[in-house]
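**Q** Below you will find the structure I want to go over with you.
Values in this text are rule-based calculations from the coordinates and carry no lab data. On a predicted model such as this, the values are computed, not experimentally measured, just so you know. Don't worry about glycine lacking a Cβ; one is built from the backbone with ideal geometry, like all the others, and counts go over all protein chains shown.
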Amino acid sequence: MMGKIFSRPLIGSVLAMILGLGTGCSHWIELAVPTDAAPPTSATVATDARVPLLLETIRVTHNGSSIAPPTILERQVLGVIEATHLFSQHYQSGYSQPTADQARVTMRLSIDNLVEPHAGQAAWRGFVIGASMFTLAPFISLNYDYGAEMSLEMERWDGQIKQYTATSNGSAHYNLFGASPDVIEQLKGQVTEACLSSLLNQVIQDSIFYLTSSEQPRGNPIRTVSVGVRHSSPRAIPMSQPIADSSPR
Amino acid sequence: MLVYIFLITLMAALTSPIYAAEPTPKITVGTQEVGLSVGYLLPHRLTQDHTTKQEGIVFMPSWMMTLSDPIGNSWYRGQVSLGAEMVYIQFQEPFVTHGVGFTPKIKYTFAALDRIRPYAEFAGGPFWTDLTGKIPEESGQFNFVLSAGFGVSYFLTDQAALNIGYRFQHISNGGTQYPNIGLNASLPYGGFSFFY
């Protein structure tokens with residue numbers, strides 16, 4: 001009898017705690033679908049027609065203020081470019097360079113990051129959560145918006161220049177106990193990758209422009225490579241799920 | 001025992017290497033802070049009805065979560081963090097008694113200076129003590145504790161900081177029992193925090 005009397009409130013309390021902690025620790029990321037997003041493009045190009053790429057500059061601004069480009073961003077940019085297979089080799093300014101007489105494409109990338117941490121909202125909601133002795137923590141979410149505007153200048157070996165632009169933005173939503181610097185880093189990484197993918201998709205559409213020759217010499221065996229962008233689909237990330245586990249393959 | 005743990009941890013923090021690679025500790029949204037502060041309560045008898053000179057050592061373990069990136073671009077540039085704190089008071093005067101409370105806490109940390117970061121804080125929550133049944137100002141054992149104050153953190157490393165500060169503390173029962181004159185005190189304290 002006593003067991004029955006105590007078991008219901010006990011079970012109810014345990015369930016409420018599990019539900020509260022579960023939802024209080026949640027976070028999710030939403031990427032906005034770009035209105036000008038083109039469908040993924042791929043092409044097949046001759047291997048020998050490809051030229052090296054020199055990543056000359058990456059300029060980064062953070063809410064309008066210039067900042068030094070983080071090393072991880074440089075690696076991410078180079079990684080996404082390499083994954084397209086459009087260029088034969090990849091060089092970065094300041095490291096080993098292609099020879100002067102070698103045909104090459106020079107890339108200049110400008111990234112404007114727009115950050116809106118909703119600090120005032122976070123302070124107010126934090127006060128409300130604290131005043132409720134954290135009982136409202138599972139029901140009040142905090143927000144962090146991040147956007148990127150990229151403009152890319154591609155200069156061919158003969159001086160011809162093409163320019164491309166792309167934008168991407170997303171939001172991280174998290175409950176108090178789900179807040180973590182990793183959530184913000186995941187948001188930034190996804191927005192940057194979506195923007196880079198959109199940008200390079202445009203470059204792939206012009207892939208012929210960056211080849212030394214659109215025709216292969218007759219009589220030689222033609223070796224080709226498929227070029228394209230690994231597209232990450234903008235979507236909401238399930239709660240508390242590591243990004244690496246949910247990335248498209 | 002707690003004092004020994006505090007001293008050992010404090011010495012460990014003081015002898016930690018200071019990394020010069022990062023000029024400033026990078027505290028971002030979601031950075032968590034755990035800390036322990038120790039202070040001593042000094043009474044304020046604000047009216048003629050206040051007669052008790054309560055004194056005692058105070059232990060305050062705390063946890064906080066940074067809710068915002070730095071706000072503003074001037075001297076007031078800073079960050080908001082929210083968390084909770086346990087308060088344990090061992091009253092030495094007028095009787096050896098105890099008090100324990102749990103308080104949500106909100107803090108604004110000025111981030112304009114690199115390793116030296118002043119802050120303002122406010123905390124409030126329920127507080128139980130067996131002192132209040134033995135003094136004329138308060139009657140019940142269930143009370144509330146409110147504290148507001150300021151302090152400064154000095155970052156020894158990017159993840160460890162020493163804190164010193166001052167709080168004004170008020171204990172009363174919110175009118176749930178009478179008398180309810182309240183107890184007021186100054187609380188100078190020192191401690192350390194780890195950020196992760």
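**Q** Across peptide A:131-139, what mean number of C-beta atoms from other chains lies inside 10 Å of a residue's C-beta?
**A** Averaged over the peptide's residues, the number is 2.
**Q** Based on the mean of other beta carbon atoms within 10 Å per residue, what is the order of B:76-83, A:96-103, most packed first?
**A** Order by mean packing, descending: B:76-83, A:96-103.
**Q** Over chain B, calculate the relative contact order: mean separation of alpha carbon pairs under 8 Å at least 6 apart, over the residue count, as a percent.
**A** Once divided by the residue count of chain B, the mean separation gives 21 percent.
**Q** Using a Cα-Cα cut-off of under 27 Å, which lysines could be cross-linked to B:Lys134, ignoring same-chain neighbours fewer than 8 residues away?
**A** Reachable lysines: B:Lys53.
**Q** Can you pull the Kirkwood radius for chain B, inverse mean 1/r over Cα pairs, to one decimal in Å?
**A** 17.6
**Q** Expressed as cubic angstrom per residue, what is the convex hull volume of the alpha carbon set of region B:30-90?
**A** 130
**Q** Which aspartates and glutamates, if any, have their Cα less than 18 Å from the Cα of A:Lys188, not counting same-chain residues under 8 positions apart?
**A** A:Glu30, A:Glu74, A:Asp112, A:Glu116, A:Asp145, A:Glu149, A:Asp245, B:Asp69
**Q** With only Lys, Arg, Asp and Glu charged, each at its Cβ (+1 for the first two, -1 for the last two), find how big the charge dipole of region A:83-208 is about the Cα centre; round to the nearest 20 debye.
**A** So the dipole magnitude of region A:83-208 works out to roughly 160 debye.
**Q** FRET efficiency for A:Gln163 and A:Leu15, Cβ-Cβ distance as r, R0 = 51 Å, nearest 0.05?
**A** Rounded to the nearest 0.05, the efficiency is 0.30.
**Q** May I pose another question? With only alpha-carbon pairs counted, each pair once and no self-pairs, how large is the Kirkwood hydrodynamic radius of region A:105-166 in angstroms?
**A** After inverting the pairwise mean of 1/r, the radius is 15.0 Å.
**Q** Could you point to the residue in B:Ser193, B:Trp75, B:Phe144 farthest towards the positive end of chain B's charge dipole, with +1 and -1 charges on the Cβ of Lys/Arg and Asp/Glu respectively?
**A** So the residue we want is B:Trp75.
**Q** Where a Cα-Cα gap under 18 Å defines reach, which lysines qualify for B:Lys107, not counting those fewer than 8 residues away within the same chain?
**A** Of all the lysines, those that pass the test against B:Lys107 - Cα under 18 Å, at least 8 places apart if same chain - are B:Lys26.
**Q** Say R0 is 22 Å: what FRET efficiency, to the nearest 0.05, do A:Leu114 and A:Glu185 get from their beta-carbon distance?
**A** Plugging the Cβ-Cβ distance into 1/(1 + (r/R0)^6) gives 0.85.
**Q** Can you give the FRET efficiency to the nearest 0.05 for B:Val100 and B:Lys26, using r as the Cβ-Cβ distance and R₀ = 35 Å?
**A** After rounding, the FRET efficiency stands at 0.50.
**Q** Next question. I'd like the mean, over residues of A:115-126, of how many other protein chain beta carbons sit within 10 Å of each residue's own Cβ.
**A** Partner Cβ neighbours, averaged per residue: 5.
**Q** While we're on this one: Looking only at other chains, what is the average number of their beta-carbon atoms within 10 angstrom of each beta-carbon in B:81-94?
**A** Taking all residues of B:81-94 together, the mean is 2.
**Q** Using the 10 angstrom Cβ neighbour count as an exposure proxy, how do A:Ser110, A:Ser168 rank, fewest first?
**A** In order of increasing Cβ crowding within 10 Å: A:Ser110, A:Ser168.
**Q** Where Lys and Arg each count +1 and Asp and Glu each count -1, what net charge lies around A:Ser66 among other residues with Cβ under 11 Å from its Cβ?
**A** 0
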